[in-house]
Amino acid sequence: MYIAEVAKGAKMKRNRVIFTGDAMIIPRRLLRVTVLSISAALLALPALAQTPGLAMLDTLELGQWQLIDRDNVFPTRSICLSNGRQLIQLRHDGAQCSQFVVADEARSVTVNYDCGRVGHGHTIIRHETNRLVQIETQGIVRGAPFSIAFEGRRVGSCN
């Protein structure tokens with residue numbers, strides 16, 4: 001459908017729409033490019049929303065951390081934290097997983113991740129100090145469900 005068919009009082013002339021009311025001339029090519037540009041920008045917005053920086057995890061002090069199960073089901077675990085993002089996949093550490101950031105706030109992050117056949121998980125990390133975090137993680141690992149609440153505490157330098 002041509003724009004001229006929609007606009008009342010307009011007629012087509014050599015790839016241009018001429019509006020007789022105010023003598024407004026809009027090249028069709030310019031209109032098409034503008035519509036495509038706006039559409040592309042709107043399509044890019046969800047992708048930008050899905051890749052927040054998880055800046056809170058970058059504020060954590062690196063070094064040796066102890067992860068204590070708050071329900072005392074799992075033994076205390078010690079890890080050398082070289083990047084705060086290591087705390088996201090505690091039950092799938094080392095697995096290649098895709099991550100989707102649900103929330104990225106100043107004091108907490110929430111991430112869903114999918115590791116294919118290995119399983120998937122949902123992790124919430126709450127920042128108390130740069131040396132103390134609360135971690136709640138749940139999901140499926142190798143066909144079995146898990147739900148664990150850890151307190152993570154920096155205890156020193158890595159050995």
Is it true that R117 is out of contact with any strand residue (DSSP E or B) (no Cβ under 8 Å at 6 or more places or on another chain), among the basic types (K, R) and free of Cβ contacts under 8 Å to residues at least 12 places away in the same chain?
yes
Out of I135, I79, I88, I125, sole residue that is under 18 Å from G53 (Cα atoms) and touching a helix residue (DSSP H, G or I) at 6+ places or on another chain (Cβ under 7 Å):
I125
Could you list, in sequence order, the residues of the stretch 133-159 that are farther than 11 Å from L90 by Cα, in contact with a Leu (Cβ under 9 Å, 6 or more places away or on another chain) and assigned to a strand (DSSP E or B)?
V133, E151, G152, R153, R154
Looking only at the stretch 105-123, count how many residues are closer than 18 Å to N83 by Cα and crowded, with 17+ Cβ neighbours inside 10 Å.
5
The stretch 98-134, residues that are of a type in the set (A, V, I, L, M, F, W, C), more than 13 Å from the chain's Cα centre (by Cα) and more than 18 Å from L60 (Cα to Cα)
C115, V118
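A short reminder: the numbers here are calculations on the coordinates, not readings from a lab. Since the structure is predicted, the reported quantities are computational estimates derived from the model, not experimental observations. Note that each Cβ is placed from the backbone with ideal geometry, even for glycine, and that neighbours are counted across all protein chains shown.
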